[in-house]
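Student: To start, I am sharing the structure in question, which I have written as structure tokens.
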Amino acid sequence: MDAGGRLTLWEPSLFEARRTERDAFLSRRERLAWRGLQVLFLAFGAAILLSLAFLPELGLDLLWNVLIPAAPALLVLAPGLWRNVCPIAVTVLAPRTLGLSLEIRPSPRARSSLRVLGFLLLLGIVPLRHARLDLDAGASFVVLLVLVGAGFMLGLFFDWKSAWCAGLCPVHPVEELYGDRPLYAPKNAHCRACALCVERCPDCIPTERPNHRRSLRLSSALASFWMPALFPGFIYGWFQVPDYLPGEGLDLWSAIYLPPLGGAAGSLLLFTLCRRLLPESRGALLRRTFAFLAVACYYWFRLPALFGFGPFPGDGMLLDLRGSLPPSFEWFLRLLTTSFFAWWMFRPGVRGRPWLRRPPVADEAAGRIPLSDAD
């Protein structure tokens, strides 16, 4: 107490209250439920890796025809759920949880560079599916193992989500593009107390706002311009390429990369034209429109292909239903998914919200980064 009988900042009981507040962020039951889900998804990820190594056909189906087709819808509806249970994120955060991480905070410039590299990894890895990954379990195993290993190494050096989940992860740009209007924002199951590991936590910010700090301009431009501008055309172009094209050398690489990159270039031109014609106040609507085009285009082609109705018979097929269902089933799936995402992403009266509920800021981190930059 001070001379006036008031509780001071350094009173031990006040710190006890703050610790109690943090510990109460997740109840014991909630912690057990989230840990159970994380273990379940971690086991599913391990099953995919083991299947790729020992049961290649099952592994390829689990990865490319089960997990990946479900991912875009999950990122639209509940990106926070995925952020809480992602198997690679659990692996990346394990060193920090176990007290093995050096807990380095990358500079804004370094994290911006990691985000751009993650975006380039996304554009580089996806076309490789046609050349090797969709049909070669060994290649898929190696790529997954490299990504997990890279994330784990980053977790050993850098604090919490700063280097992978908010940086190098190639799925993160897609999370930002699709996760504008999630169904709900669950509690953060990884961070019981916010360590302010990044200057602008993507879990707690509905959308990436333009930032005037030079070190963050490229990172902001990635979310606000490059990803929405390029991705719809990139997806369309990717679906114009069959799996495992014949040929070698430059012929193969040009065949798998030119259509998606050409589609991305056309999408970029259209986005730029619309951006010039529309008032600045419509920028968020324009980005959401192109996000809708991307996810609707993905399911327009991908969902029919799962059941044998794709443009290249057999490619990306989980079940062959062509003999038992009429061709109109293909259009039913397309109209169903396109209508749903149009309703979901443009439904009135819904504003952007965080992916996850932010935990209280840790006492030891409260003075490291100004809250104006972290909020």
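Student: What's the number of the only condition in (1) surrounded by 23 or more Cβ atoms within 10 Å (Cβ to Cβ); (2) among the charged types (D, E, K, R); (3) modelled with pLDDT of 90 or more that ASP243 fails to meet?
Tutor: The one condition ASP243 does not meet is (1).
Student: Answer yes or no as to whether LEU102 is among the hydrophobic types (A, V, I, L, M, F, W, C), modelled with pLDDT under 95 and surrounded by 21 or more Cβ atoms within 10 Å (Cβ to Cβ).
Tutor: So LEU102 does not fit the description; no.
Student: For residues that are in a helix (DSSP H, G or I) and more than 14 Å from the chain's Cα centre (by Cα), scanning just region 156-184, find the one that is surrounded by the most Cβ atoms within 10 Å (Cβ to Cβ).
Tutor: If we take residues in region 156-184 being in a helix (DSSP H, G or I) and more than 14 Å from the chain's Cα centre (by Cα), then LEU156 is surrounded by the most Cβ atoms within 10 Å (Cβ to Cβ).
One line per residue, one yes/no per condition, for (1) at pLDDT below 95; (2) in a helix (DSSP H, G or I); (3) exposed (fewer than 14 other Cβ atoms within 10 Å of the Cβ); (4) in contact with a strand residue (DSSP E or B) (Cβ under 9 Å, 6 or more places away or on another chain):
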site: GLY4; (1), (2), (3), (4): yes, no, yes, no
site: TRP10; (1), (2), (3), (4): yes, no, yes, no
site: PHE25; (1), (2), (3), (4): yes, no, no, yes
site: GLY59; (1), (2), (3), (4): no, yes, no, no
site: ALA70; (1), (2), (3), (4): no, yes, yes, no
site: VAL116; (1), (2), (3), (4): yes, yes, no, no
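Student: Continuing with the same structure: Find all pairs meeting these conditions: Cβ atoms under 7 angstrom apart; at least six residues apart or on different chains; first residue within region 316-328 and touching a residue at least 12 places away in the same chain (Cβ under 8 Å) and more than 20 Å from LEU63 (Cα to Cα); second residue surrounded by 15 or more Cβ atoms within 10 Å (Cβ to Cβ) and not β-branched (Val, Ile, Thr).
Tutor: Sorted first by the residue in region 316-328, then by its partner, the pairs are LEU321/PHE307; LEU321/GLY308; ARG322/GLY308; ARG322/PHE309.
Student: What's the total number of residues in region 70-102 that are within 27 Å of THR337 (Cα to Cα) and without any contact (Cβ under 8 Å) to a residue 12 or more places away in the chain?
Tutor: Summing the residues that are within 27 Å of THR337 (Cα to Cα) and without any contact (Cβ under 8 Å) to a residue 12 or more places away in the chain in region 70-102 gives 2.
Student: So, one more: Could you pull out the residue among ALA53, ALA110, ALA89 that is surrounded by fewer than 17 Cβ atoms within 10 Å (Cβ to Cβ) and modelled with pLDDT under 95?
Tutor: Every option except ALA110 fails the conditions.
Student: Just one of the numbered conditions (1) within 25 Å of LEU222 (Cβ to Cβ); (2) over 22 Å from the mean Cα position of the chain (by Cα); (3) not aliphatic (A, V, I, L, M) is not true of PRO354; which one?
Tutor: Only one criterion in (1) within 25 Å of LEU222 (Cβ to Cβ); (2) over 22 Å from the mean Cα position of the chain (by Cα); (3) not aliphatic (A, V, I, L, M) is unmet by PRO354, namely (2).
Student: Let me ask something else about it. Any chance you could count how many residues in region 107-155 are over 17 Å from the mean Cα position of the chain (by Cα), closer than 21 Å to ASP203 by Cα and of a type in the set (A, V, I, L, M)?
Tutor: Number of matching residues: 2.
Student: So which pairs qualify, if the first residue must be in region 103-115 and without any contact (Cβ under 8 Å) to a residue 60 or more places away in the chain, the second must be polar (S, T, N, Q) and assigned to a loop (DSSP other than H, G, I, E, B), the Cβ gap must be under 9 Å, and the two must be at least 6 apart or on different chains?
Tutor: ILE104/SER162; LEU114/SER162
The values are calculated or read from the model by the stated rules, or taken from the named source; none is laboratory data. Keep in mind the model is a prediction, meaning the values are calculated, not measured. Cβ coordinates were reconstructed from backbone atoms using ideal geometry, including for glycine residues, and neighbour counts include every protein chain displayed.
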